[in-house]
Amino acid sequence: MTKLSVTELSRDLRDAITQLETTEGLEKVGIVTRVGDGVAWVHGLQNAGYSEVLTIESDAGDVEAFALNLNEDEIGAVLLGSDSEVKAGARVTLKGETLSVPVGPELLGRVVDPLGRPLDGGAPIKTKQRGVVEREAIGVMGRKSVHEPLMTGIVSIDAMFPIGRGQRELIIGDRQTGKTAIAIDTMINQAKQKTGVVNVYVAVGQKLSKIARLVDRLKEEGVMDQTIIVATGPSDSASLLYLAPYAGTAMGEYFRDNGEHALMIYDDLTKHAVAYRQMSLLLRRPPGREAFPGDVFYLHSRLLERSAKLSDDLGAGSLTALPIIETQAGDISAYIPTNVISITDGQIFLETDLFYQGIRPAISAGLSVSRVGGAAQTKAVKSVGGNLKLGLSQFRELASFAQFGSDLDDATKSQIDRGRRLTELLKQSQYQPMGVWEQFVSIHAVTSGLFDVVDPERIKDAQGALVAKLWTDHKAEMRELNKGDKPSDDLIELIDSVTKTVAKGFED
Amino acid sequence: MAQRISRRKLSEHVASRLLNGDSSVITQLAAHLVETRRTKEADLYVYDIEATLLNKGVVVADVVSARHLAQETKDAIASFLQDSYSADRVELRQSVDPLLIGGVRVGTADAEYDASLRRRLTKLQKMKV
């Protein structure tokens with residue numbers, strides 16, 4: 001038997017590698033037969049895989065595309081660059097990989113396009129890793145039930161529809177009802193409360209001026225350092241709009257898989273579905289309801305399924321998703337809204353009527369729900385927010401009946417008054433997320449009846465005074481309460497006494 | 001309405017008849033393309049037929065060079081293709097294109113081996129060296 005020499009084996013292997021690197025063998029090639037509207041049809045390349053990247057040669061340089069239609073006679077590929085550079089007859093080669101984007105902490109504080117190229121004029125992004133854009137969601141055994149809170153800092157959400165880390169909570173409503181505002185406040189709250197949650201904001205076909213304003217605001221609030229923005233504008237190609245949420249998710253998954261927590265905001269998936277419809281129709285796929293292709297449900301379900309709370313074995317990281325859907329005239333029974341409602345673990349429905357009544361955030365207590373967040377709610381907020389949703393719904397019902405007559409018994413009157421105070425209390429200005437202790441003392445002041453002496457019009461002032469006084473006089477106790485545990489009886493007594501003092505100052 | 005036969009199926013049929021020595025199939029294919037108004041796809045049919053032949057062990061390759069090749073070089077190319085495709089038969093179609101400057105470009109139905117000087121210069125230009 002021949003004796004094997006490790007030295008020779010190593011040399012042989014190295015020689016073989018050098019030879020492979022220097023020898024150009026036969027390269028599989030195809031040719032572009034037709035091109036237009038961002039889609040190129042390629043003849044040849046019969047071994048191309050689904051979603052594989054193709055390189056098309058052009059005079060202005062190589063243009064990348066990805067194969068989405070693998071037909072018997074040709075391949076339909078969606079271009080990632082301009083189609084004006086690609087000509088019929090151009091040479092096409094396979095890149096041998098599916099689409100990937102740079103991932104890692106190097107992206108924090110940056111604005112990038114769906115291919116990870118910087119858009120903020122900053123230095124080129126050099127990451128150690130790349131993440132696959134289209135990746136299978138984690139399996140059942142790799143998951144854990146949602147149990148940690150993801151505080152939005154918005155009282156009405158944290159008290160009535162709590163969101164947990166790893167949850168998918170839809171923000172749905174007509175245009176100009178404050179959907180993005182909720183998402184931005186949630187991002188700001190992560191920095192204010194120092195939760196360490198990384199924000200990934202995916203702008204799908206949003207106006208570039210809006211994205212620029214958002215970046216400025218996030219910088220002002222000191223949130224940008226823990227935020228990645230994946231931006232696409234209305235003038236970008238449909239392929240980039242289609243890729244943006246998947247690319248953003250790949251960037252968020254890096255943090256999830258490394259035991260950290262990330263928050264994904266998809267603004268918005270309606271535009272994403274429209275971009276996919278455009279691509280599908282150009283690829284000659286048969287249209288279905290509202291001309292969307294048959295797999296539009298899968299488009300969003302495979303995206304949102306990647307948001308998860310990982311098991312302890314996998315590092316216990318999480319990826320929370322806040323997808324946004326824009327409705328037309330409040331119609332949540334349209335095709336895309338119903339799809340995403342059924343995929344997500346709850347929805348926050350924003351109503352135009354409430355918005356114009358000055359109730360902001362304009363959250364509908366009746367139509368909003370959080371299906372898994374209850375287990376993740378902080379004990380402190382849970383102890384006071386338990387009956388909030390029911391109380392608010394009862395108030396709205398009673399208030400509508402009360403419009404018909406003035407002869408109401410005292411019990412009903414007091415319930416309506418309490419409801420009015422509660423409604424006032426839940427109004428919250430933008431960019432002012434609240435901590436756990438602020439939420440607790442505010443809700444407690446109204447639900448315990450201690451603020452019953454305060455005129456509903458002055459509730460916000462009383463709330464401000466209460467928060468200020470508690471923070472000035474009892475900072476240590478409030479810091480303790482902010483940890484989220486259920487407050488002790490002594491602490492509640494202390495808060496009650498301060499609340500009574502403050503309420504006296506606002507008595508009619 | 002008659003069902004449109006896919007290019008690949010038609011090419012497979014033509015290739016197998018050609019292998020059996022039945023060259024009349026070319027006239028029939030031409031008639032079919034005229035009748036179905038698909039004459040513009042003639043080149044694509046040629047590619048597909050050659051690709052089918054390739055799978056059946058017959059390689060038809062275009063060899064383009066800057067100047068005429070010596071028989072030894074042609075033999076070397078034929079042997080390279082025979083090894084690459086484990087083919088039984090290799091047919092070369094040779095042409096001269098001075099724009100290649102030097103070297104050779106070999107193209108089969110599904111692949112290309114471009115060792116021309118022009119290609120290398122273009123690559124260098126793309127690398128902005």
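The values are calculated or read from the model by the stated rules, or taken from the named source; none is laboratory data. The structure displayed is predicted, hence computed values, not measured ones. All Cβ positions, glycine included, derive from the backbone under ideal geometry; neighbour counts span all protein chains shown.
Some values worked out for this structure:
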{"read-out": "Qualifying positions in region B:72-91 - more than 14 Å from every other protein chain (Cβ to nearest Cβ) and in a strand (DSSP E or B)", "value": "B:R89, B:E91"}
{"read-out": "Residue in region A:300-308 that is more than 17 Å from the chain's Cα centre (by Cα), surrounded by fewer than 22 Cβ atoms within 10 Å (Cβ to Cβ) and touching a residue at least 24 places away in the same chain (Cβ under 8 Å) present", "value": "no"}
{"read-out": "Scope region A:134-144; condition modelled with pLDDT of 95 or more, of a type outside the set (K, R) and surrounded by 16 or more Cβ atoms within 10 Å (Cβ to Cβ); matching residues", "value": "A:A137, A:I138"}
{"read-out": "Residue in region B:100-109 that is in a loop (DSSP other than H, G, I, E, B), touching a residue at least 24 places away in the same chain (Cβ under 8 Å) and under 16 Å from A:V29 (Cα atoms) present", "value": "yes"}
{"read-out": "A:P361 vs. criteria within 18 Å of the chain's Cα centre (by Cα), closer than 21 Å to A:M187 by Cα and surrounded by 18 or more Cβ atoms within 10 Å (Cβ to Cβ)", "value": "yes"}
{"read-out": "Residue match in region B:27-44 (condition: touching a residue at least 24 places away in the same chain (Cβ under 8 Å), assigned to a helix (DSSP H, G or I) and within 11 Å of chain A (Cβ to nearest Cβ))", "value": "yes"}
{"read-out": "Candidates A:A262, A:A273, A:A244, filtered to the one that is over 30 Å from A:M141 (Cα atoms) and at pLDDT 95 or above", "value": "A:A273"}
{"read-out": "Which listed residue, of B:V14, B:V63, is modelled with pLDDT of 90 or more and outside the structural domain of B:V96 (by TED's automatic domain parsing)", "value": "B:V14"}
{"read-out": "Which listed residue, of B:L69, B:L121, is more than 11 Å from chain A (Cβ to nearest Cβ), farther than 22 Å from B:A15 by Cβ and at pLDDT below 90", "value": "B:L121"}
